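The values are calculated or read from the model by the stated rules, or taken from the named source; none is laboratory data. This is a predicted model, so every value here is computed, not measured. Don't worry about glycine lacking a Cβ; one is built from the backbone with ideal geometry, like all the others, and counts go over all protein chains shown.
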Amino acid sequence: MAKILMKGNEAIGEGAVRAGCRYFFGYPITPQSELPHYLAKRLPEVGGLYLQSESETAAINMVYGAAGAGARVMTSSSGPGISLMQEGISYLAGAELPCVIVNMIRGGPGLGNIAPAQSDYFQATRGGGHGDYRVIVLAPASVQEIIDLMQVAFDLADRYRNPVMVAGDGILGQMMEPVELGEEKEIEIPPRPWAATGRMGGDKKLISSLYIVPEELEQHNLKLAQKYTLIIEQEQRWEEYQLAGAKLVLVAFGTAARICKAVVDRCREEGLAVGLIRPITLWPFPQKAFAPVINEAEGFLVVEMSLGQMVEDVRLTVNGRRPVYFYGRCGGMLPVAADVVREVKKLYGGEGQ
Amino acid sequence: MQKVFTRPRSLKDIPTHYCPGCTHGIVHRLVAEVIDELDIFDRTIGVAPVGCSVFAYNYFDCDMFQASHGRAPAVATGIKRVLPDRVVFTYQGDGDLAAIGTGEIVHAAARGEKFTVIFINNAIYAMTGGQMAPTTLLGQKTTTTPYGRDKEVNGYPVKIAEMLSVLDGTAYVARVSVHDPASVVKAKKAIKRAFEVQLAGLGFSLVEVLSACPTNWGLPPVEALKWLAENMIPYYPLGEYKKPAEVG
Amino acid sequence: MYQAILIAGFGGQGVLSTGQLLAYAGMLEGKHVSWIPSYGPEMRGGTANCGVTISDYPISSPVVTEPTSLIVMNRPSLEKFEGSVVPGGLILVNSSLIDIKATRKDVRVYYIPANELAEELGSSKVANNVILGALLELTGVVTPDAVEKSLREVLPPHRHDMIPLNRRALEAGAALVHRSAAARAG
């Protein structure tokens, strides 16, 4: 099938439709607007529903209702809107409802700006709302990967009955790259015997995150913990780029990882043994990616579009065995490849120590 | 011997946690009787709020959702949009619906969402310990208005039935009370109409039920019902604020 | 082949769609491409720019911070981006709208009166394609045929009558830089 040129935001929408998502509830915010625009047109074509809510708070609770009623459903927003959704995300996690939440991250804190950033990493990977829970977080780095990961996102949400977040930024949303959409397949959505769809002669179903008796909530928490452990074992995803013999390993995700690939190219051309680990799942963090390189690598350089958030996960993974450095731009500014190359040269061979 | 009074099928046979004299029990029963009479039990989905009726999901025997504080209308929107042939209702108190959830209730009503809202107005936050509600009357003493609600400090009580009835999306809006048997009969009629309006696909329906909270009002149950009649009804007039032509 | 092209001008000059056209043509030729618009409030009014990368190999970074070629359609863009071009790179200046000269000595600079040439062809609307034709001639990044084919796919059928004019604009731009390159060599 021929490739078509597509914007990242539109690819999220098309990827969702092709993954069998038929319901979208959301509230406008920059920089993800092309996605609602796309789905408002596209969903009615496939018998689905696009509904604009009165707030992000309402949107995520509509998602809660739709997911509990058995639908493949999603919402999307950016930083400030995702903050408003945290209440609902916590309830979704507590009630174990599958759904997909897209965060096209912008500069913060507060109103910040609408430029691309990665500063919602903590919020995404640490649960974000109240209580002991985790959200699976996927971070695509190209338009094709967006298409592919939307299917993965909905499948993971179903498999684990857990909210899945797709974390991008304004660059990924706005940029165009060729994509191969493949055949449009009839998606078979796994049965949801737990959904509350009216008893229809069957047992009573309850969608709830309330466990008023502490002993019962503890049991529920432990059950969730077992699920999270399984996800950590099964679902770590990452890309390795030029890792063979790498003395300095860059670690970056999303747009920052694309820039770092250019950095690696340039360094390799100059004979510097530099490679890249690109986490695709931010949670679970791909700790497994580090085991094969930890002995050969002399250090790690984490590059982020923030003041340094994922760097903490890298430090937890490396656990003091190697130095972990950080380079970041924030406030909506992008790391410039030439600047990162300079940083690499400063560190290469341990000069940074 | 003929059985003339029995528990509605739609209510579970378990004790409730409600205080003596609380009228939640009456309203639960009315909703359950209506579900039984309309023969919709098997396809009804309820949404419980945060507040005293947080455990409503344990008492109604149909499929239930527990929603976060104030968001029941958004949750119900998600359910009904996915399952348009099911009957969906929310059961919400005054703190839930008229304070933290005003955005959700107003816009669900404005969109004409085809579900039914049972709105319990007892002029107080009961579960959290008797604080002032958006519907607390002027002069009414609560744990956060120990000298009585002062309009200079707290403004005025919110009249939900009146507010929502002006929206084009609402099809049926009524305010009823459950302070005496005659009122209970009228309340049931209104609740039944609200569900019928939903079944006919006519739009959003809401019944505001003036209710008693003896515990947090600091009154014996009978006195509380009297207080409701004498103080709440004059400020919150009963009646059908909006009804479609098709419904008598 | 690797070309990172930055196209910059005023909002409304069609710089974003010109970039998309170029990316589309690269895709039709089976190359790796990416297109990325300037980002932020400046998208509306003020200046607009986009980066197009076309390569024989997978594109590491789509972000064009060090362009191999720069097309500038207004003076602020020349002033802002001239310094970013890699040494040995290319700057195409729309001299119909820019009355200053580039100052770099380590890059090739061509001055193209794109609007005048477009008007001679019949419509100032094809000024972008005049300058695009020059880029194609100087870099060979894609062929004019691929651009024409892209137009056929991107434009709605009722606007296909514009395609011959666009093709002539590409050729006019190419001819101009061909002549001036020959003059330099001579």
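Below is a table of values for the structure above.
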item	result
Single match in C:Ala181, C:Ala169 (criterion: touching a residue at least 24 places away in the same chain (Cβ under 8 Å) and in contact with a helix residue (DSSP H, G or I) (Cβ under 6 Å, 6 or more places away or on another chain))	C:Ala169
Condition met for A:Ile105 (among the β-branched types (Val, Ile, Thr), more than 11 Å from chain B (Cβ to nearest Cβ) and either touching a residue at least 12 places away in the same chain (Cβ under 8 Å) or surrounded by fewer than 22 Cβ atoms within 10 Å (Cβ to Cβ) (or both))	yes
Tally, over the stretch A:19-38, of residues that are under 14 Å from A:Ile146 (Cβ atoms) and touching a Gly at 6+ places or on another chain (Cβ under 8 Å)	5
Selected residue (only one of B:Phe55, B:Phe65, B:Phe60 is closer than 19 Å to A:Leu210 by Cα, modelled with pLDDT under 95 and among the aromatic types (Phe, Trp, Tyr))	B:Phe55
Test: residue in the stretch A:211-218 that is touching a helix residue (DSSP H, G or I) at 6+ places or on another chain (Cβ under 8 Å) and either over 30 Å from B:Ser53 (Cβ atoms) or crowded, with 18+ Cβ neighbours inside 10 Å (or both)	no
Criterion violated by B:Arg43 - all others in (1) within 27 Å of B:Arg111 (Cβ to Cβ); (2) surrounded by fewer than 21 Cβ atoms within 10 Å (Cβ to Cβ); (3) more than 8 Å from chain A (Cβ to nearest Cβ) satisfied	(3)
So A:Ala252, is it at pLDDT 95 or above and either in contact with a Phe, Trp or Tyr (Cβ under 9 Å, 6 or more places away or on another chain) or more than 27 Å from A:Pro163 (Cα to Cα) (or both)	no
Residue, farthest from the other protein chains (Cβ to nearest Cβ), within the stretch A:65-95, restricted to residues that are in contact (Cβ under 8 Å) with a residue 60 or more places away in the chain and more than 18 Å from the chain's Cα centre (by Cα)	A:Gly94
Only one of A:Glu270, A:Glu298 that is in contact with a Leu (Cβ under 7 Å, 6 or more places away or on another chain) and acidic (Asp, Glu)	A:Glu298
Residue satisfying all of: in the stretch A:153-198; more than 14 Å from chain B (Cβ to nearest Cβ), touching a Leu at 6+ places or on another chain (Cβ under 9 Å) and part of a loop (DSSP other than H, G, I, E, B); nearest to C:Ala48 (Cα to Cα) among these	A:Asn162
Test for B:Ala99: is it farther than 20 Å from B:Lys80 by Cβ and within 18 Å of the chain's Cα centre (by Cα)	yes
Those residues of the stretch C:65-81 which are within 15 Å of the chain's Cα centre (by Cα), within 19 Å of C:Gly11 (Cα to Cα) and not in a strand (DSSP E or B), in sequence order	C:Met73, C:Asn74, C:Ser77, C:Leu78, C:Phe81
Per-region count, the stretch A:245-272, residues touching a strand residue (DSSP E or B) at 6+ places or on another chain (Cβ under 7 Å), over 25 Å from C:Val64 (Cβ atoms) and of a type in the set (Gly, Ala, Ser)	1
Lone unmet requirement of (1) buried (at least 23 other Cβ atoms within 10 Å of the Cβ); (2) within 16 Å of the chain's Cα centre (by Cα) for C:Ser61	(2)
Some residue of the stretch C:38-49 being away from chain A (no Cβ under 12 Å), within 17 Å of the chain's Cα centre (by Cα), farther than 30 Å from A:Glu145 by Cα and surrounded by 18 or more Cβ atoms within 10 Å (Cβ to Cβ)	yes
The stretch B:103-153: number of residues that are without any contact (Cβ under 8 Å) to a residue 40 or more places away in the chain and closer than 16 Å to B:Thr77 by Cβ	3
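Condition check ((1) within 16 Å of A:Val341 (Cα to Cα); (2) crowded, with 17+ Cβ neighbours inside 10 Å; (3) hydroxyl-bearing (Ser, Thr, Tyr)) across all residues:
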{"site": "A:Tyr228", "(1), (2), (3)": "no, yes, yes"}
{"site": "A:Glu235", "(1), (2), (3)": "no, yes, no"}
{"site": "A:Leu250", "(1), (2), (3)": "yes, yes, no"}
{"site": "A:Trp283", "(1), (2), (3)": "no, yes, no"}
{"site": "A:Val303", "(1), (2), (3)": "yes, yes, no"}
